[in-house]
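Below is one structure, written out as structure tokens; comments come after it.
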Amino acid sequence: MATVSGVGVGSVAGMDLSSMDLETALMTVQTQRSQLLEDALRQQLDSVNGRNAQMAGLNESMNAKNAENLKLESSSVALQGQIDQLKDLQGRLSASKCPNPEGWYGLSWGQGDDKALSHATLDQIKAAGLTIPTGDDAPRDVDRNGTMDAKGRVVQGFVDQLSAKISALEAQVANNGKTIEANKQAVTEIKSSLDNLSNTQQMEMLRLQGLTGKRNEAFDVMTNFIKKMQESRSSIIGNMR
């Protein structure tokens, strides 16, 4: 039994050529070789496409983390602005607090006991979401001189509430910072993976080009072989006439 193997790329599966004429045997071998090259090319193309998809996914992940960091950085800037405002309010209230817990001082006492500022300070207390006592402890114009007054312990309550709010906001800023650093580390790792994949992809593309060239060459050879067989048969038939 005659067999043929090792033709072209890879190996051509063993074939029984004993019952074939020369032309049929050559045609069978060339067809098998072309099919093997076609299969190898398809597998290589699938590999290249799979790696492209992997790289696209990594790029998408990296872009998402960069976008998240931009949002977190913007959020931290806004949070820091809130912190600064609350600290400013807290400092002004501390300066205006009556030493006597039950005593009354204007809410702007530490800044000259300005009437308009005392009202503005109360508005800021409300805007900050602080709990304002009612009844006898409610801030009001005690001495009827136009300023908003509050007891020492009430003002101290405002200061304590502000400390809690400031701490919560600072914790958010800190958490944002941790997430930003984690994202930066992840982006660095993704870039490294992309570089490795890119280098491998370049080699895979070269192999794909090589297989494409060999596949095209195999089909050209097969086409030329068929053409020559047809020309040979035509010549023989012509000579028999």
The range 143-154, subset open to solvent by 70 Å² or more (accessible area, probe 1.4 Å) and in contact with an Asp or Glu (Cβ under 8 Å, 6 or more places away or on another chain), residue modelled with the lowest pLDDT: Asp143
Of the residues Lys184, Lys165, only one is within 26 Å of the chain's Cα centre (by Cα), at pLDDT 85 or above and open to solvent by 60 Å² or more (accessible area, probe 1.4 Å); which? Lys184
Being out of contact with any Cys (no Cβ under 7 Å at 6 or more places or on another chain), closer than 12 Å to Leu89 by Cα and of a type in the set (A, V, I, L, M) is the requirement here; does Leu169 meet it? no
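Basic (Lys, Arg) and either in contact with a Cys (Cβ under 6 Å, 6 or more places away or on another chain) or part of a helix (DSSP H, G or I) (or both) - does that describe any residue in the range 184-192?
Scanning the range 184-192 turns up at least one residue that is basic (Lys, Arg) and either in contact with a Cys (Cβ under 6 Å, 6 or more places away or on another chain) or part of a helix (DSSP H, G or I) (or both).
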Name the single residue, out of those in the range 67-126 being of a type in the set (Ser, Thr, Tyr) and without any contact (Cβ under 8 Å) to a residue 60 or more places away in the chain, that is nearest to Thr179 (Cα to Cα). Ser74
By residue number, the members of the range 88-118 that are more than 14 Å from Asp149 (Cα to Cα), touching a helix residue (DSSP H, G or I) at 6+ places or on another chain (Cβ under 6 Å) and either not aliphatic (A, V, I, L, M) or not in a helix (DSSP H, G or I) (or both) are Gln90
Residue hits (the range 105-132; open to solvent by 70 Å² or more (accessible area, probe 1.4 Å) and under 14 Å from Phe158 (Cβ atoms)) are Trp109, Asp123, Gln124, Lys126, Ala127, Thr131
Conditions (1) over 17 Å from Leu107 (Cβ atoms); (2) at pLDDT 95 or above: number failed by Asn196: (2)
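The values are calculated or read from the model by the stated rules, or taken from the named source; none is laboratory data. The model shown is predicted, which means the values in this text are computed figures rather than measured ones. We place every Cβ from the backbone using ideal geometry, glycine too, and count neighbours over all the protein chains shown. With ligands, DNA and RNA removed, areas are computed over all heavy atoms of the protein, side chains included. Shrake-Rupley method; radii C 1.70, N 1.55, O 1.52, S 1.80 Å.
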